[in-house]
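Input: a single structure, listed below in structure tokens.
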Amino acid sequence: MIGIGFDIHRLTKGRPLILGGIRIKYPKGLVGHSDADALLHALIDAILGAVKSGDIGDLFPDTDPRYKGISSAILLHRTITLIRSRHKRFVVKGVDSIIFAQEPKLGKTKSRIKNNIARLMGIKPDKVNIKAKTMEGLGPIGNKKAIAALVLVDI
Ligand code: MG
């Protein structure tokens, strides 16, 4: 089963930048109710899509004070635990992803993100792929106002 997920968050000064559960050195971070980890949010939506179980907002409403400032790694863990309880044969065959960010350059960070996502999902790193793209300076991502992520999961 295949699922896709997409997410975008605005960048602002004074917030930590967290992508794939990894803290990345950058003067700005993503704005959101949780830690605003766009990559993990897209991953959660991709998993939910693969098992036809709605979206991240159904599971973790951004109006719920329990999720304010929460680590998205915890949300991912809760999602996987829930799906495992419903689908006995839940096996992740592969994760592919694209991070859309004009800055920072993610070339050296990609392998850290890959290893961390594999760890969080309890799978081998060779099942996870992370790609990073700039937007060639175009649009809000190109203007460094936002970072987005697209994830495809094969379960
Ligand atoms: Mg989000």
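The values are calculated or read from the model by the stated rules, or taken from the named source; none is laboratory data. Please read all numbers here as calculations on a predicted model, not as lab measurements. Accessible surface areas use protein heavy atoms only, side chains included; no ligands, DNA or RNA. Shrake-Rupley method; radii C 1.70, N 1.55, O 1.52, S 1.80 Å.
Just need log10 I(q)/I(0) for the chain at q = 0.10, 0.16, 0.19, 0.21 Å⁻¹, Debye formula, equal scatterers on the alpha-carbon atoms, no solvent, rounded to two decimals.
-0.32, -0.83, -1.16, -1.40
Direction-averaged shadow area of the convex hull around the Cα atoms of region 36-79, nm²? Don't skip to the answer; put the middle values down first.
Values: hull surface 10.9 nm².
For the Cα atoms of region 36-79, the hull's average projected area reads 2.7 nm².
Which aspartates and glutamates does Lys131 reach when only Cα atoms under 17 Å apart count, and residues fewer than 8 places away in its own chain are ignored?
Reachable aspartates and glutamates: Asp7, Asp37, Asp96, Glu103, Asp154.
Kindly report the accessible area of region 2-154 per residue (heavy atoms of protein chains, probe 1.4 Å, no ligands, DNA or RNA), in Å².
Roughly 53 Å² per residue, with all protein chains present.
For the chain, which whole-number percentage of the solvent-accessible area (1.4 Å probe, protein heavy atoms only) is attributable to carbon and sulfur atoms?
Within the chain, the accessible surface is 55 percent carbon and sulfur.
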